[in-house]
Amino acid sequence: MTAGIYASRASLRTLLIEGASSISQITVTDIIENYPGMPEGISGFELVERFKKQALQFGLEIASEDVIGIAKTHWGNTEGWKVTSAHRDYEALAVIVATGAYWRKLGVRGEDVFVGKGVSYCATCDGPIYKNRDVVVVGGGDAAVQEAVFLTKFVKKVTIVHRRNRLRATKALEKRAIANSKIEFAWNSVVEEISGGNVVEKVKIRDVKSPDIGREIPAQGVFIFIGLTPKTDMVRGIVDLDDGGYIVADREMQTSAKGIFAGGDCIRKRLRQVVTACGDGATAAASAQHYVEELKGESY
Ligand SMILES: Cc1cc2nc3c(=O)[nH]c(=O)nc-3n(C[C@H](O)[C@H](O)[C@H](O)COP(=O)(O)OP(=O)(O)OC[C@H]3O[C@@H](n4cnc5c(N)ncnc54)[C@H](O)[C@@H]3O)c2cc1C
């Protein structure tokens, strides 16, 4: 969205293709407290709506389609890119990839069976369903802890299962979780199995240091936040990816392929947040603008 705002405001004819079957991660976030200029916090959905309204004012065109591939094309001597969606092909001199990342699965027995029947990757979407119930949150990073705190608005008890003996989340979140009487911790523990009848009833965990020690936590919900996988399959083999599948982009958001720029959660970087995604988007749009103007012989 930020790339869309910058590119269309720079009078580039810009199409933003947003997934038809996937959503922005931020739209599932209840409250964002760390986006500058929003001291009272803002819901992820509301923030994206504001981004969109602003982008549309500058003439951004938006299509709701899933991109399935990107390939080189050319018009005479001019090279460009063909972007293929499920419905049609688009041609462009420059492409900005900002496809984000999705939550990784635990890969334990019962996880797939109980998706939608107790297993969830989105507390904001499913939290209210677990009113006065007991739930387990798996993970120890910012998202896990933030979502655990959010879940305490509804549930009776949250047990955070984390494989280490301390959280990876930022100190402010850690303090809030530890001070919350509805949150308990199962340290040095991994989930072994999620089980139940028609819906989840219990979560079996095991001590990572003493594998003989295990126990079952009665729970009706299991929320899994154990890390991200970038959505970069469409550019595999076209731009350089790192070992984790993240796009390698330089400070100007240029990838290894001329004319393809990238930003946000799908690139290799330290901090995956809205504010950094916005910064990347602005830089990527400026770089794409410069690139297109050079191709047209209009740069100065
Ligand atoms: C539970 C949770 C809490 C969070 N809390 C915070 C917070 O408090 N503060 C904060 O700053 N950040 C937070 N984040 C992180 C934040 O959501 C991300 O860093 C941010 O959304 C990244 O933006 P992005 O544009 O890179 O990716 P996304 O926002 O995920 O957007 C990716 C877009 O690409 C589209 N897409 C993907 N594949 C395709 C395709 N094949 N074709 C077409 N379109 C496609 C998707 O539809 C989507 O619109 C949180 C994330 C989660 C999950």
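Assorted remarks:
- Meets criteria (in the same structural domain as Met234 (by TED's automatic domain parsing), at pLDDT 95 or above, of a type in the set (Phe, Trp, Tyr) and under 19 Å from the mean Cα position of the chain (by Cα)) for Phe51: yes
- Put simply, of Val149, Val137 the only residue that is buried (at least 19 other Cβ atoms within 10 Å of the Cβ), assigned to a strand (DSSP E or B) and touching a helix residue (DSSP H, G or I) at 6+ places or on another chain (Cβ under 8 Å) is Val137.
- Looking only at the range 69-85, and only at residues there that are surrounded by 15 or more Cβ atoms within 10 Å (Cβ to Cβ) and in contact with a Ser or Thr (Cβ under 9 Å, 6 or more places away or on another chain), the one that is nearest to Tyr291 (Cα to Cα): Gly80
- Exclusive hit being at pLDDT 95 or above and in the same structural domain as Cys125 (by TED's automatic domain parsing), set Asp207, Asp240: Asp207
- Only one of the listed residues (Gln220, Gln289, Gln273, Gln254) is polar (S, T, N, Q), on the phi < 0 side of the Ramachandran plot and at pLDDT below 95. That residue is Gln273.
- Residue within the range 125-136 that is touching a Ser or Thr at 6+ places or on another chain (Cβ under 9 Å) and within 19 Å of Gln273 (Cα to Cα) present: no
- Each residue in the range 228-269 was checked for being within 12 Å of the ligand (Cβ to nearest atom), part of a loop (DSSP other than H, G, I, E, B) and more than 19 Å from Leu93 (Cα to Cα), and 4 pass.
- Selected residue [within 16 Å of Ile226 (Cα to Cα) and either among the β-branched types (Val, Ile, Thr) or in contact with a Gly (Cβ under 8 Å, 6 or more places away or on another chain) (or both)] from Val145, Val155: Val145
- Of the criteria (1) out of contact with any Gly (no Cβ under 6 Å at 6 or more places or on another chain); (2) farther than 30 Å from Thr73 by Cα, which one Cys278 fails: (2)
- Residue match in the range 108-117 (condition: part of a strand (DSSP E or B), more than 10 Å from the ligand (Cβ to nearest atom), within 26 Å of Val235 (Cα to Cα) and at pLDDT 95 or above): no
- Of the residues making up the range 73-100, those that are in contact (Cβ under 8 Å) with a residue 60 or more places away in the chain and either among the hydroxyl-bearing types (Ser, Thr, Tyr) or away from the ligand (no atom under 16 Å from the Cβ) (or both) are Thr78, Glu79, Gly80, Ser85, Tyr90, Leu93, Ala94, Thr99.
- Residue list for the range 157-173, filter: modelled with pLDDT of 95 or more and closer than 18 Å to Ala123 by Cα: Lys157, Val158, Thr159, Ile160, Val161, His162
- If only residues of the range 270-300 that are within 19 Å of Val239 (Cβ to Cβ) and free of Cβ contacts under 8 Å to residues at least 40 places away in the same chain are counted, the one that is farthest from the ligand (Cβ to nearest atom) is His290.
- Considering residues of the range 19-64 that are part of a helix (DSSP H, G or I) and closer than 12 Å to Ile5 by Cβ only, the residue farthest from the ligand (Cβ to nearest atom): Gln57
- Flag for Ala219 being under 27 Å from the mean Cα position of the chain (by Cα), under 23 Å from Val113 (Cβ atoms) and not assigned by TED's automatic domain parsing to the domain that holds Asn34: yes
- Pair list, Cβ < 7 Å and 6+ apart or interchain, from the range 101-126 residues that are touching a residue at least 40 places away in the same chain (Cβ under 8 Å) to residues that are of a type in the set (Gly, Ala, Ser): Arg104/Gly227; Gly110/Ser195; Phe114/Gly196; Gly118/Gly196; Gly118/Gly221; Ser120/Gly221; Asp126/Ser120
- Pair list, Cβ under 7 Å, 6 or more apart: the range 18-45 residue surrounded by 15 or more Cβ atoms within 10 Å (Cβ to Cβ), other residue modelled with pLDDT under 85 and in a loop (DSSP other than H, G, I, E, B): Val28/Cys122; Ser43/Asp30; Ser43/Ile31; Gly44/Thr29
The values are calculated or read from the model by the stated rules, or taken from the named source; none is laboratory data. These numbers come from a predicted model, not from an experiment. All Cβ positions, glycine included, derive from the backbone under ideal geometry; neighbour counts span all protein chains shown.
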